[in-house]
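In what follows, a single structure is set out as structure tokens and then discussed.
The values are calculated or read from the model by the stated rules, or taken from the named source; none is laboratory data. As the structure is a computational prediction, the values presented were derived from the model and not from experiment. Don't worry about glycine lacking a Cβ; one is built from the backbone with ideal geometry, like all the others, and counts go over all protein chains shown.
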Amino acid sequence: MRLILLGPPGAGKGTQAKRLEDKYGFIQLSTGDMLRAAVAAGSDIGKQAETIMARGDLVPNEIVVGIIAERISQPDAAKGYILDGFPRNVPQAEALDAMLEGRGAKLDAVVELEVDDGILLQRIETRAAETVGGPRADDNAEALAKRLKVYHEQTAPLVAYYKGKGTLRSVDGMKDMDEVTRQIEAVLGLSNKKGNWLKRLTGKK
Ligand code: ADP
């Protein structure tokens, strides 16, 4: 299954992607995590990305598109993956379309986590306070305001983009984490499949 998780910063994309990875084996590909790893490693990409990320802006498209193109061509991505934090604007979405088309692959679904801005600020303050080793460089009020602005201006148009393609599924990201997971499984038809598999195994009808 090839999936995109779409939603504002703090919507829970990372948490839900991890759960789907653990449960179904689709690997989580988070451009934010990859870029943070590049920053930590001090690579050329990391050096280019560090200050941009810290202020809450988007890293240039050619960098993230390059990272994703490289990553999805690796063998472990063949079974499927969950894109978390990519694409973040229409040009990135178009680049992804071209990449998939070139590989003869298609996207199964785009799951949008709908969350109000008011809750996001609260969630990110909690996350900043709870992060072991200190908060992320961009989990502060100023950078968050910028990330939200960037989300609304550049990423939110992807909702219409994928709606137009018929792949968009929306879930209520303000419910508790387990309920959000259930809703995602439901819109992807995973809960039924798993149920059927269990029924076959146990012989129950
Ligand atoms: P969040 O969803 O909480 O904002 P992420 O970990 O997804 O956090 O991203 C952190 C930062 O990494 C972004 O603010 C941006 O600077 C950079 N980044 C991540 N993904 C992309 C992307 N697809 N395009 C450009 N920049 C990105």
> Within region 150-161, can you find the residues that are farther than 18 Å from Asn61 by Cβ and within 16 Å of the ligand (Cβ to nearest atom)?
Replying inline: His152, Val159
> Which numbered condition trips up Met53, out of (1) within 24 Å of Lys23 (Cβ to Cβ); (2) in contact (Cβ under 8 Å) with a residue 40 or more places away in the chain; (3) buried (at least 18 other Cβ atoms within 10 Å of the Cβ)?
Replying inline: (1)
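Residue by residue, here is whether (1) over 27 Å from Pro91 (Cβ atoms); (2) at pLDDT 95 or above holds:
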position	(1), (2)
Ala145	no, no
Gln154	no, yes
Arg169	no, yes
Leu190	yes, no
>> Considering only region 118-129, I want to know if a residue exists there that is part of a loop (DSSP other than H, G, I, E, B), without any contact (Cβ under 8 Å) to a residue 12 or more places away in the chain, under 22 Å from Met174 (Cα atoms) and within 14 Å of the ligand (Cβ to nearest atom).
In response: no
> Within the group Gly42, Gly66, Gly10, Gly14, which residue is crowded, with 21+ Cβ neighbours inside 10 Å and over 14 Å from Ala137 (Cα atoms)?
Replying inline: Gly10
> Limited to region 113-139, what total is found for residues that are under 18 Å from Asp33 (Cα atoms) and surrounded by 16 or more Cβ atoms within 10 Å (Cβ to Cβ)?
Replying inline: 5
> Only one residue in Gly85, Gly80 is at positive phi, near the ligand (Cβ under 8 Å from one of its atoms), touching a residue at least 60 places away in the same chain (Cβ under 8 Å) and not β-branched (Val, Ile, Thr), so which one is that?
Replying inline: Gly85
>> Of everything in region 166-184, what is in contact (Cβ under 8 Å) with a residue 12 or more places away in the chain and not hydrophobic (A, V, I, L, M, F, W, C)? Give them in sequence order.
In response: Thr167, Arg169, Ser170, Asp172, Gly173, Thr181, Gln183
> Does any residue in region 6-23 that is within 11 Å of Leu83 (Cα to Cα) come within less than 9 Å, Cβ to Cβ, of a residue that is in a helix (DSSP H, G or I) and among the basic types (Lys, Arg) six or more places away or on a different chain, and which pairs are these?
Replying inline: Leu6/Lys13
